[in-house]
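K.L.:
Sending over a structure as structure tokens; questions will come in a sec.
The values are calculated or read from the model by the stated rules, or taken from the named source; none is laboratory data. Quantities reported herein were computed from a predicted structural model and do not represent experimental measurements. Virtual Cβ from ideal backbone geometry, glycine too; neighbours counted across all protein chains shown. Accessible surface is based on the protein model in full, side chains and every heavy atom, while ligands, DNA and RNA are left aside. Shrake-Rupley method; radii C 1.70, N 1.55, O 1.52, S 1.80 Å.
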Amino acid sequence: MAKLVQIKDNSAGIVFPIQKAKTTIGRDESNDICLNDNLVSKHHAVIEISVNNKKDGVYEYILQDLESTNNTYVNDQLINLHRLSEGDRIRIGTNNFTFDDSEDQNPDETARLHKSWIPGVYYTKPK
């Protein structure tokens, strides 16, 4: 199961599972992921799940900016539409997330994130 992991203060924060065909993100409480942040539009972005026609049983996750005021960024690049990959860093307003699509991780295990010298970039150290 894919998920967004919010990054706060050099550690993993809230985990948001991506389970619906369309997961909406924004400031309005009607969104699946509601962010209390004035830099986030009421309906900021959406993640859509689709089946990869070339790889049987493999899902793709597409992040789309919904013409938000302050844009959506993946790996510090402005995006309108982006196919998410494991480890992508997403920025919406002042909120930072990591996209996690790994199936083999223990959901009860939390990785320790380390801040790099590049603003807004975090990493984990292998065990």
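K.L.:
In region 39-66, which residues are out of contact with any Ser or Thr (no Cβ under 9 Å at 6 or more places or on another chain) and either among the β-branched types (Val, Ile, Thr) or at pLDDT 95 or above (or both)?
P.N.:
Across region 39-66, the qualifying residues are Val51, Val58.
K.L.:
Out of the residues in region 67-110 meeting the condition of being farther than 18 Å from His44 by Cβ and hydroxyl-bearing (Ser, Thr, Tyr), tell me which one is modelled with the highest pLDDT.
P.N.:
Step by step, filter region 67-110, then rank; the result is Ser85.
K.L.:
Taking only region 62-88 into account, find how many residues are free of Cβ contacts under 8 Å to residues at least 40 places away in the same chain, open to solvent by 40 Å² or more (accessible area, probe 1.4 Å) and under 18 Å from Leu35 (Cβ atoms).
P.N.:
6
K.L.:
I'm trying to understand the selection: among the residues of region 1-23, which are open to solvent by 40 Å² or more (accessible area, probe 1.4 Å) and touching an Asp or Glu at 6+ places or on another chain (Cβ under 7 Å)?
P.N.:
Scanning region 1-23 gives Lys20, Ala21, Lys22.
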